[in-house]
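Right, one structure below, let's go through it.
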Amino acid sequence: MTLVGASLPASHEFTVAELVAWGSERLRGCEGANPVTDARTLMEWVCGVDSFVQVPAVIGAHAAERYRSAVARRRHHEPLQHIVGRMWFRFLTLESRPGVFITRPETEMVAQYAIDEAAAIATAIASGEAPARTFAPSAPPGLEVGLCPQGPIVVDLCTGSGAIALALATEVPTSCVYAVELMDEAHALAQANIERIAPGRVHLVKGDATTALPECDGQVDVVVSNPPYVPLADVTQPEALADPPEALYGGGEDGMVIPRGIIHRAAHLLRPSTVDTPGGLLVMEHAEKQSAQLREVALAAGFHDIRTAEDLAGAERMLLARAPFAAPSNPPLAVTTMASATHALEENT
């Protein structure tokens, strides 16, 4: 079987087993690729099915040519998710588009901590150990307060494709989830994913994550975020460069301008701690080398029970912190908004 030529005979048929073996071999040694998994996923896409068990044993020349082209694109470091138009996060299959951040496996652990916290609150509310949540009289545009379950209130800042917000909405079904996104392309994709997977369950807000939802201040049980946090000099993998810069770089040489802004915003959004009850929880993804500095930022913002959690690879990946006992008096940092950080990024790239 030869697949390297410009075209294939129209009447010829190709066995899927041979094609996938060829694709796996072509992808071997390709940085960032899982040769066998990627070769099988590309075949699913060519055949228009959701599972490899649905792939026919034999396909025609047109499909084989399409497969050959897809393998070539993958060999040139085009993200698998962009080729097939979908990506995977926990139990979800999301639409993927160029120009929007691709979900990463390490973020699934970030979602897990937020889900565990929201689930515990949901259980306490259901058993009567905690009161049902209520909302401020002024709800965000498009949100009718009566449509929200009176379960835990969760805010996903920098939602991107909506992955974390949708994981919470589907895995903790009594939760009321807000998702905030500033960038047009990401907001549009999040809306599409929400409408397909959990219509009416996630309340999408277009705005700056470091200033959004002031009407929810002091009411939120969980703030979760995978914000842009990468220092300018730290992206070297070809596939990472396919993500939009505004979804990667956190601002400043250390990449922490936006993460600092998220911490300060969360301090206001979360239910404050009291001597009798723990306050809301912040869960925020970050780069491994940022852990100590971000713990210091959280402490200065009034958070307590601050710790760093590891991802499945053992890397220090996320900040966990309980809400302050009182509204923080710290003034906002000089540059904390997504808009200003994005402007600074454009000047440096």
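Read-outs throughout are calculated quantities, based only on the coordinates presented, and are distinct from any laboratory measurement. Computed from a predicted model, the values in this text were never measured in an experiment. Here the Cβ positions follow ideal geometry from the backbone for every residue, glycine too, while neighbour counts run over all protein chains shown.
For this structure, a couple of remarks:
- Ranking of 277, 37, 107 by neighbouring Cβ atoms within 10 Å, starting from the fewest: 277, 37, 107.
- Using the Karplus relation 6.51 cos²θ - 1.76 cosθ + 1.60 with θ = phi - 60°, the per-residue 3J(HN,Hα) values for the stretch 58-63 come to 9, 10, x, 5, 4, 5 Hz, with x marking Gly and Pro.
- Each Lys or Arg adds one and each Asp or Glu takes one away; over the other residues whose Cβ falls under 11 Å from the Cβ of residue 121, this sums to -2.
- Take the Cα of residue 292, step 7 Å toward its Cβ, do the same at residue 116, and the gap between the two points is 2.5 nm.
- If you take all other residues with their beta carbon under 13 Å from the beta carbon of residue 166, and give Lys and Arg +1 and Asp and Glu -1, the sum is -3.
- Ordering 70-78, 266-274 by mean Cβ neighbour count within 10 Å, with the highest value first, yields 266-274, 70-78.
- Long-range HN-HN contacts of residue 317 with modeled amide H, under 5 Å: 309, 310, 311
- Total formal charge among the other residues, if their Cβ is under 13 angstrom from that of residue 305, Lys/Arg +1 and Asp/Glu -1: +2
- Computed FRET value (nearest 0.05) for residue 52 with residue 307, which takes r as the C-beta separation and R₀ as 45 Å: 0.65
- Amide H contacts under 5 Å for residue 325, placed H, 5+ residues apart: 273
- Coupling constants for the stretch 44-55 follow from the phi torsions by the Karplus curve (6.51 cos²θ - 1.76 cosθ + 1.60, θ = phi - 60°), and in residue order they are 4, 5, 4, 8, x, 10, 9, 9, 5, 5, 8, 6 Hz; glycine and proline get x.
- For residue 58, the residues 5 or more places off, or on other chains, whose built amide H falls under 5 Å of its own are 16.
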